[in-house]
Amino acid sequence: MARSAKKKASNIVVWIILVLLIIGLAGFGATNFGGNIRSIGSVGDTEIEVNRYARELEQELRSLQAQTGQNITLAQAQSIGVDRAVLQRLVAAAALENETRRLGISVGDAEVQRQVLATPAFQGLNGSFDREAYEFTLDRAGLTPSRFEEDVRMDVARNILQAGITGGVAAPAGFADTLVAYVGEQRDFSWTKLDRSALTAALPEPSDQDLQAYYAARPDEFALPEARDITYVWLSPDRVVDEVEVDDAALQSAYDERAEQYNLPERRLAERLVFGNEADAAAALSAINDGSKTFEELVNERGLTLPDVDMGDVSRDDLGPAADAVFGLDGPGIAGPVQTDLGPALFRVNAILPAQVTPFEEARDELKDDFTMDRARRIIDDRIDAIDDLLAGGATLEEIASETNMQLGQVEWTPDMSNGLTAYEEFRAAAEAATMQDFPEIVQLDDGGIFALRLNEVIPSRPEPYDTAQPKVRAAWEAAKVRELLQDQAAEIKAQLDNGARLSSLGLPVTVETRITRDTFIEEATPDFVAEMFKLEPGASVVAQAPDGVLIGQLADVLPADTEDADAKALHQALNEGARQGIANDLLDGFSRAMEAQAGISLNQTAINAVHAQFP
């Protein structure tokens with residue numbers, strides 16, 4: 001049960017949050033527990049009120065709901081220990097309150113009044129304290145002003161005690177210095193990459209015996225994945241296009257329906273800047289004409305940006321009364337002022353888009369293709385019920401294929417397939433979900449086609465026969481041999497480096513890196529390689545594996561962290577504060593536990609269960 005040391009300075013904020021919570025809980029299901037149930041337990045002489053437990057629990061549920069975007073039930077919250085965490089927090093607070101009372105720590109009425117008056121939730125529209133709002137808000141939460149004020153008094157007093165416990169805590173000397181020095185340390189180094197093209201030795205030709213031995217030693221590497229033996233029937237629009245009759249009258253009708261697509265009117269790329277009156281618009285135009293201001297400057301003066309005034313490409317019909325002025329320009333320029341529905345405006349034309357007319361003859365082939373595919377999809381759609389009836393009557397997929405023009409096929413399907421029917425997401429989902437007990441049924445594809453499938457067998461993973469795997473075996477053998485040769489070549493280079501040679505003097509393509517930190521990403525180099533460079537002394541070298549080769553690096557210099565850098569200073573401060581808070585939290589936690597043990601804890605499970613019963 002970690003307690004934040006920040007509470008020592010948060011009394012005002014805590015009560016602001018509490019009051020806002022009270023307002024939020026009104027109507028959200030919070031209940032004022034009456035009757036004989038007053039508390040869910042106590043620490044020493046300090047009771048933990050039942051309403052307080054209910055409010056804290058409700059707050060946690062609302063917080064979870066905000067984080068997840070889902071309604072969280074109490075049962076779900078209990079499964080992750082939310083109720084226990086709330087109870088532990090209240091027990092700890094009660095222990096501190098009990099000790100506060102025992103020590104006689106308190107604050108006067110003036111401080112309580114100051115805190116209440118400063119709470120925004122209790123202020124009226126004029127910003128001053130509103131007594132009616134104060135009493136109304138507390139009443140809705142089941143609190144009286146006297147009780148609320150007593151809670152405020154105790155919260156301030158408890159914060160005084162907490163401040164006494166944690167106020168003098170500081171981070172260990174040198175803690176942040178050590179971490180900043182480690183994180184900010186930098187390296188200068190050079191490196192090169194050896195791949196297959198860098199081999200100095202010829203790659204040997206493997207014998208069939210070599211390949212078979214390699215294959216036998218790595219059965220998992222050459223195993224076929226689990227597959228599903230599937231029989232299917234498939235009808236795509238392409239298979240019925242020959243049944244579609246097309247006439248020019250139908251195509252002409254389609255052309256007329258798409259008139260806006262094939263016959264675009266002349267348009268303008270325009271921007272519109274609206275003014276409050278004609279005089280301002282005229283003055284703006286004058287400023288543009290005499291060169292004292294640009295259109296962009298006028299836009300900025302209005303607190304707008306160019307995207308705010310951009311109209312995109314517009315036609316005459318889009319501009320209304322401004323059409324003649326805008327389309328009267330022969331090229332880019334300013335039109336207006338023109339009265340619009342929004343007021344007088346200037347229009348800037350940035351480009352003229354000429355009319356585009358596509359004659360029927362040029363559009364005919366495209367129209368025919370679209371028309372044919374659309375009719376083909378309708379033909380397929382009309383046949384679904386008949387094919388469904390055949391399947392419902394017990395017809396097999398083979399019989400369906402013989403009685404219709406559906407294409408019969410068989411595939412040993414795996415998720416990596418993406419050709420033909422297996423490329424469709426609908427087929428992939430059906431193939432994955434199918435069981436051998438399922439009856440085939442028609443499924444529609446997004447292109448208008450249909451299919452049905454039957455799972456014949458689930459074929460477990462098994463070794464791929466050597467004859468079919470041989471090309472992959474050869475490629476893998478060669479890759480392994482390349483790595484082996486590159487390792488030998490890299491070892492020879494490293495030996496030269498260890499004897500005092502510089503990487504840059506060996507005739508290799510070298511990359512020089514400067515001021516590299518531990519988390520720097522270097523393209524083509526692995527994170528492990530960068531980490532290895534931080535283990536070296538200047539002049540030392542390292543060889544590391546890369547996915548497609550070998551990396552060789554040589555360290556040039558170790559650079560200490562720049563502790564005067566702004567980022568380093570911010571990190572230092574954050575680390576110090578984090579360490580201080582952690583120690584303060586642990587100290588407060590230990591003190592609270594000691595007070596709990598000293599005063600004694602008593603919990604009423606019946607009362608706790610009664611609170612839980614009020615939640616949905």
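Observations
- The modelled label-to-label distance between Glu296 and Glu185, using points 7 Å beyond Cα along the C-beta direction, is 4.9 nm.
- The alpha carbon centroids of the stretch 82-121 and the stretch 437-465 are separated by 66 Å.
- Surface/4 estimate of mean projected area, convex hull on alpha-carbon atoms of the chain, nm²: 53.0
- Gap separating the Cα centres of the stretch 574-590 and the stretch 225-263, nearest whole Å: 69
- Over the stretch 367-513, Cα pairs under 8 Å with separation of 6+ residues give a relative contact order of 17 percent.
- Prolate is the label for the stretch 412-485. Its Cα gyration tensor axes, ordered a ≥ b ≥ c, give a/c of at least 1.5 and a/b above b/c.
- Value of [θ]222 nm, deg cm²/dmol, for the chain, DSSP H segments ≥ 4, -39500 (n - 2.57) each, nearest 500: -15500 deg cm²/dmol
- Look at the Cα gyration tensor of the stretch 292-424: its axes a ≥ b ≥ c give a/c of at least 1.5 with a/b over b/c, and that counts as prolate.
- Taking chymotrypsin sites (Phe, Trp or Tyr not before Pro) as exposed when their DSSP state is a loop state and no more than 16 other Cβ atoms lie within 10 Å, the longest site-free interval of the chain runs over 29-520.
- Summed residue charge, Cβ within 13 Å of Glu412's Cβ, Lys/Arg positive, Asp/Glu negative: -3
- Over the chain, relative contact order from alpha-carbon pairs under 8 Å, at least 6 apart, %: 27
- Two-site FRET efficiency, Asp317 against Glu425, from Cβ-Cβ distance with R₀ of 30 Å, rounded to 0.05: 0.15
- Neighbour net charge for Pro225 - beta-carbon separation under 11 angstrom, K R +1, D E -1: -2
- Under the criterion of Cα pairs below 8 Å and six or more residues apart, the relative contact order for the stretch 266-354 equals 47 percent.
- Across the stretch 566-577, rounded Karplus estimates of 3J(HN,Hα) from the backbone phi angles (6.51 cos²θ - 1.76 cosθ + 1.60, θ = phi - 60°) give 4, 5, 5, 5, 5, 5, 4, 5, 5, 5, 4, 5 Hz, Gly and Pro being marked x.
- Among Leu103, Leu587, Leu397, the order by Cβ neighbours within 10 angstrom, fewest to most, reads Leu103, Leu587, Leu397.
- Pairs of lysines in the chain (C-alpha under 19 Å apart; 8 or more residues apart or interchain): 4
- Extension gain, Ala133-Asn350: 0.36 nm per intervening residue step, less the Cα-Cα distance, totals 72.4 nm.
- Averaging over all projection directions, the Cα-based convex hull of the stretch 266-354 occupies 5.2 nm² in the image plane.
- The GluC sites (Glu not before Pro) found in the stretch 508-585 that occupy coil by DSSP, while having at most 16 further C-beta atoms within 10 Å, are Glu523, Glu524, Glu564.
- Sites listed here are GluC sites (Glu not before Pro) in the stretch 424-494 whose DSSP assignment is loop and whose Cβ has at most 16 other Cβ atoms within 10 Å: Glu441.
Read the figures in this text as sums done on the coordinates, not as results from a lab. Just so it is clear, the structure is predicted and the values come from calculations on it, not from any experiment. With ideal geometry, Cβ positions are generated from the backbone for all residues, glycine too; neighbour counts draw on all protein chains shown.
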